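Engineer: My structure is below; once you've seen it, I'll send some questions.
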Amino acid sequence: QVRLVESGGGLVQSGGSLRLSCVASGTIIGINAMGWSRQAPGKQRELVASITRTDDTDYADSVKDRFAISRNNAKNTVYLQMNNLKPEDTAVYFCNLGEYVSGTYHPYDDNFWGQGTQVTVSS
């Protein structure tokens, strides 16, 4: 059974930084594409970053040049470094497993998502 556990969220002022971590068990992240999504109150889930098995990365326009996704295969962990945070980045952040189809990342179903970590950015 795959289990993903996120950590690293918290309260930060606008312009600050946070690094989220996602530790995986029940799978080897080095053979999987993975992503980070977020959900703000009253809004749908939004994919913000993804990484291929060969470490190519993609980002939503809203976070490009501010966020960076990376992985440490030895620790079976995926990270999301978030810099220059803005109040509109406030959301619950989830890591997930998925696959690339025609160059686009698609997360698997909810069984392959973590429980999420809250990020709150104050103005």
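The values are calculated or read from the model by the stated rules, or taken from the named source; none is laboratory data. Keep in mind the model is a prediction, meaning the values are calculated, not measured. Glycine gets a Cβ as well: all are built from the backbone with ideal geometry, and neighbour counts include every protein chain shown. The area values use the complete protein model at the heavy-atom level, side chains included, leaving out ligands, DNA and RNA. Shrake-Rupley method; radii C 1.70, N 1.55, O 1.52, S 1.80 Å.
Engineer: What accessible area per residue comes out for the chain, rounded to a whole number of Å², with a 1.4 Å probe?
Structural biologist: Using a 1.4 Å probe on heavy atoms only, each residue of the chain averages 54 Å².
Engineer: Using each residue's phi in segment 30-43, evaluate 6.51 cos²θ - 1.76 cosθ + 1.60 at θ = phi - 60° and report the 3J(HN,Hα) Karplus result to the nearest Hz, with x for Gly and Pro.
Structural biologist: x, 9, 10, 7, 9, x, 10, 10, 9, 9, 8, x, x, 10
Engineer: Residues of segment 79-123 with amide nitrogen under 12 Å from the 7 Å Cα-to-Cβ point of residue 56?
Structural biologist: Taking a point 7 Å out along Cα→Cβ of residue 56, the residues of segment 79-123 whose backbone N falls under 12 Å are 100-105.
Engineer: Mind giving me the nanometre distance, one decimal, between the label points for residue 5 and residue 39, set 7 Å out from Cα along Cα→Cβ?
Structural biologist: Roughly 2.2 nm, to one decimal.
Engineer: Could I ask something else about it? Using amide H atoms built 1.01 Å from N in the peptide plane, name the residues 5+ places from residue 60, or on other chains, whose amide H lies under 5 Å from its own.
Structural biologist: Here the answer is 49, since their amide H atoms fall under 5 Å of that of residue 60.
Engineer: Can you compute 3J(HN,Hα) from phi for each residue in segment 101-112, using the Karplus curve 6.51 cos²θ - 1.76 cosθ + 1.60 with θ = phi - 60°, rounded to whole Hz and x for Gly and Pro?
Structural biologist: 10, 6, x, 10, 7, 10, x, 6, 5, 4, 5, 10
Engineer: Normalised by the residues of the chain, what does the relative contact order come to in percent, with Cα pairs under 8 Å and at least six apart? Please report the intermediate quantities before stating the final value.
Structural biologist: Working: 303 pairs, mean separation 43.4, N = 123.
It comes to 35 percent, rounded to a whole number.
Engineer: Please give, to one decimal in nm, the separation of the simple spin-label points placed at residue 102 and residue 83, each 7 Å out from Cα toward the Cβ.
Structural biologist: Placing both labels 7 Å beyond Cα along the Cβ direction yields 3.5 nm.
Engineer: Sticking with this structure for a sec: Extending each Cα 7 Å along its Cβ direction at residue 65 and residue 122, get the distance between those two points in nm, one decimal.
Structural biologist: So the two model labels end up 2.9 nm from each other.
Engineer: If we restrict to alpha carbons, what Rg and Dmax does the chain come to, in Å?
Structural biologist: My reading of the Cα-based Rg and Dmax gives 13.4, 40 Å.
Engineer: Relative to the compact-globule scaling 2.2 N^0.38 Å, provide the ratio for the alpha-carbon radius of gyration of segment 1-63.
Structural biologist: Normalised Cα radius of gyration, segment 1-63: 1.26.
Engineer: For residue 116, list long-range residues whose amide hydrogen, built 1.01 Å from N in the peptide plane, is under 5 Å from its own amide hydrogen.
Structural biologist: 6, 95
Engineer: I want the local charge near residue 83. Using Cβ-Cβ distances under 13 Å, sum +1 for each Lys or Arg and -1 for each Asp or Glu among the other residues.
Structural biologist: So the environment of residue 83 carries a net charge of +2.
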